[in-house]
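This report concerns only the one structure given below.
Any read-out appearing in this document is the output of simple, stated calculations on the displayed coordinates, not a laboratory observation. In this text, all values refer to a predicted model and were calculated from it rather than measured experimentally. Heads up, the Cβs are rebuilt from the backbone with ideal geometry, glycines too, and the neighbour counts pull from every protein chain shown.
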Amino acid sequence: MSAPASECLFCKIARKEVPAALVYEDEEVLAFKDIFPQAPVHLLIIPKAHCPGLGDVTPEAAAAVGRIPQVAAQLAKDHGVATGGWRLLSNCGPDAGQTVFHLHFHLLGGKPLGAKLCV
Ligand code: 5GP
Ligand code: ZN
């Protein structure tokens, strides 16, 4: 279920009410280290405005969300994985394993990530 913005964990991180290891911030987009990294580089990139998931992007939110691949590419360079390769993905809904219902993209890299996208 999606928490309201007042209770949403990633909204709280965006409002600096919950600490996180921030690696990028602009007016619309924030990136921080995943608390349980699954790869040597595991960052989460979010639009600051609350949006439950990839299926809920409004026209108003689309511009910020659309900039996330460019932010990811810059972060991949900054974190030394641009050459080796990296993955950007968003889990949408329970079957995809989404656990935090504020849209976020995982940026993963720093090791061979494997070919399987589902098991
Ligand atoms: P999802 O499973 O929804 O695709 O991804 C949620 C991600 O958020 C997980 O990889 C999880 O480790 C991360 N996460 C959960 N709680 C926190 C937190 O409080 N801080 C940070 N930095 N990451 C979190
Ligand atoms: Zn939120």
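Quickly run through the stretch 7-24 and pick out the residues that are more than 9 Å from ligand 2 (Cβ to nearest atom) and more than 15 Å from I35 (Cα to Cα). Result: R15, K16, E17, Y24. Residue pairs whose Cβ atoms lie under 7 Å apart, separated by 6 or more positions or on different chains, with the first residue in the stretch 60-89 and more than 10 Å from L43 (Cβ to Cβ) and the second in a helix (DSSP H, G or I), are A82/A76.
Assess whether C118 counts as being surrounded by 15 or more Cβ atoms within 10 Å (Cβ to Cβ) and of a type outside the set (S, T, N, Q). Explain how you work it out, then say what you get.
On the way: surrounded by 15 or more Cβ atoms within 10 Å (Cβ to Cβ): no; of a type outside the set (S, T, N, Q): yes.
No; evaluated as a whole, the condition is false for this residue.
Does A76 count as more than 16 Å from ligand 1 (Cβ to nearest atom), more than 24 Å from R15 (Cα to Cα) and surrounded by 16 or more Cβ atoms within 10 Å (Cβ to Cβ)? Walk me through how you get there before you give the answer.
On the way: more than 16 Å from ligand 1 (Cβ to nearest atom): yes; more than 24 Å from R15 (Cα to Cα): yes; surrounded by 16 or more Cβ atoms within 10 Å (Cβ to Cβ): yes.
It is true that A76 is more than 16 Å from ligand 1 (Cβ to nearest atom), more than 24 Å from R15 (Cα to Cα) and surrounded by 16 or more Cβ atoms within 10 Å (Cβ to Cβ).
Among the residues of the stretch 93-112, those identified as hydrophobic (A, V, I, L, M, F, W, C) and surrounded by 16 or more Cβ atoms within 10 Å (Cβ to Cβ) are V100, F101, L103, F105, L107, L108.
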